[in-house]
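Shown next, in structure tokens, is the structure this report addresses.
The values are calculated or read from the model by the stated rules, or taken from the named source; none is laboratory data. Only a predicted model underlies this, so the values are computations on that prediction, with no experimental measurement involved. Every residue, glycine among them, receives a Cβ derived from its backbone with ideal geometry; neighbour counts consider all protein chains shown. Each accessible area value is taken on the protein alone, full model and side chains, heavy atoms only, with ligands, DNA and RNA left out. Shrake-Rupley method; radii C 1.70, N 1.55, O 1.52, S 1.80 Å.
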Amino acid sequence: MLVDPSGRKFRYLRLSITDVCNFKCVYCLPDGYQCTHERDFLSLSEIDNTLRAFAYHGIEKVRITGGEPTLRKDFIDVIRAAKDTPGITKVAATTNGFSLKKNIRSWVEAGLNSVNISIDSLDPRMFNTITGHDKFDSVMSGVHAALDSGLDSVKINSVLMKQYNGAEFDYFLNWVKHKPITWRFIELMQTQDNLTFFNKNHISGMKLRERLINDGWSQIQRSKIAGPACEFAHPDYQGRIGLIMPYSKDFCASCNRLRVASRGDLHLCLFSEQGISLRDYMNRETPEALIAELARYIKEKKPTHLLHQGMSGATTNLSMLGG
Ligand code: SAM
Ligand code: SF4
């Protein structure tokens, strides 16, 4: 098992398979995707080797992310590769949902266990303003298709922003009242590209937490391979609320994940100073060399990010790494 100098164990890999995205979320890619490098994303055989090496070290859950991972023509093969990796028991994906309705059944058949869908507003016009696309209805029908598809879990992610959807919190709560779904709020994070935007729009996750507790919600225990969200339940609500609060005290203490970016860089933290290229090792016939490199690099993982000091490392936006 991979254990870092702070004693944290890693069971969860976030694997980005492309940094390309078709949406223009105001906090992530406000000007749309701009390609500044060759589009030489990890091949299926590199992905396969990577998954085997991480699984050797005890990784049980893999989340396929991007950019928009479903834009890759071989997305379904990536799901299959993850499903067929001995040791991987949970295959998840994060998507903006644009092709969910059409494809979710075949992804589930290929082995997808769970999906997180990003929906920042329940108002179609605000959805359009935030993402640059008039696709609210089609993404929502994708959510319903996902709920009917036999997945173990369907979760929705939103980033709340003062000048956009900040007043919609009550609508989101109402939405989960009669639906067995977890709606999660990711606190807006500062990246190299969004400082001014961040200062105008950041809403503290701790404030939302206070509000939930005052309204009778109670926090639920996390599983070992759970994501970073604190989840809350309420007796009058079928669904749950999740809060991802990267600025909260001790957020990093429970870190259980590692990240690989779409061109083969290992990121020990979402906000690390730089990625570590593992591509040479991914290209070998067998994963042994990669296994040895992972054991070496985990010793370099720092105890916490430095976001509180306004330092977002080398992360220009989250589409480059998959969040
Ligand atoms: N395109 C897919 C999607 O949007 O679901 C996957 C990649 S996206 C980078 C993953 C998650 O990161 C999304 O839920 C998105 O809302 C979130 N995200 C992107 N930039 C963010 C930021 N600056 N702060 C907080 N969350 C962010
Ligand atoms: Fe694309 Fe996801 Fe970034 Fe939105 S948050 S621009 S959907 S990568």
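Worth a mention:
- Heavy-atom accessible area per residue - the chain, 1.4 Å, Å²: 44 Å²
- In the context of the full protein assembly, Lys90 retains an accessible surface of approximately 50 Å², using a probe radius of 1.4 Å and ignoring ligands and nucleic acids.
- Share of pairwise Cα separations in region 10-168, more than 26 Å, in percent: 29 percent
- Restraint check, Lys177/Lys207; Lys102/Lys200; Lys101/Lys200; Lys102/Lys179; Lys61/Lys301; Lys9/Lys73, Cα-Cα greater than 28 Å: Lys102/Lys200; Lys101/Lys200; Lys9/Lys73
- Placing a label point 7 Å from the Cα of Gln192 along the Cα-to-Cβ direction, the residues of region 256-291 whose backbone N falls under 12 Å from that point are 272-275.
- With contacts taken as Cα pairs under 8 Å and at least 6 residues apart, the chain reaches a relative contact order of 23 percent.
- Antiparallel content of DSSP bridges confined to the chain, in %, to 5: 25 percent
- For region 161-216, alpha-carbon Rg over 2.2 N^0.38 Å: 1.28
- Using the empirical formula 2.2 N^0.38 Å as the baseline, the Cα radius of gyration of region 266-323 reaches a ratio of 1.29.
- Across region 215-291, Cα pairs under 8 Å and at least six residues apart give a relative contact order of 16 percent.
- Per residue, the convex hull spanned by the Cα atoms of region 188-323 amounts to 139 cubic angstrom.
- If only the Cβ of Lys and Arg carry +1 and only the Cβ of Asp and Glu carry -1, the dipole of the chain around its Cα centre is close to 620 debye.
- Region 1-158 - percent relative contact order, Cα under 8 Å, separation 6 or more: 22 percent
- Computed in the context of the full set of protein chains, the accessible area of region 113-208 at 1.4 Å probe radius has 48% of its extent on carbon or sulfur.
- Stokes-Einstein D for the chain, Kirkwood Rh over Cα pairs, 25 °C, 0.890 mPa s (µm²/s): 123 µm²/s
- The distance linking region 88-136 with region 1-43 is 17 Å (Cα centroid to Cα centroid, whole angstrom).
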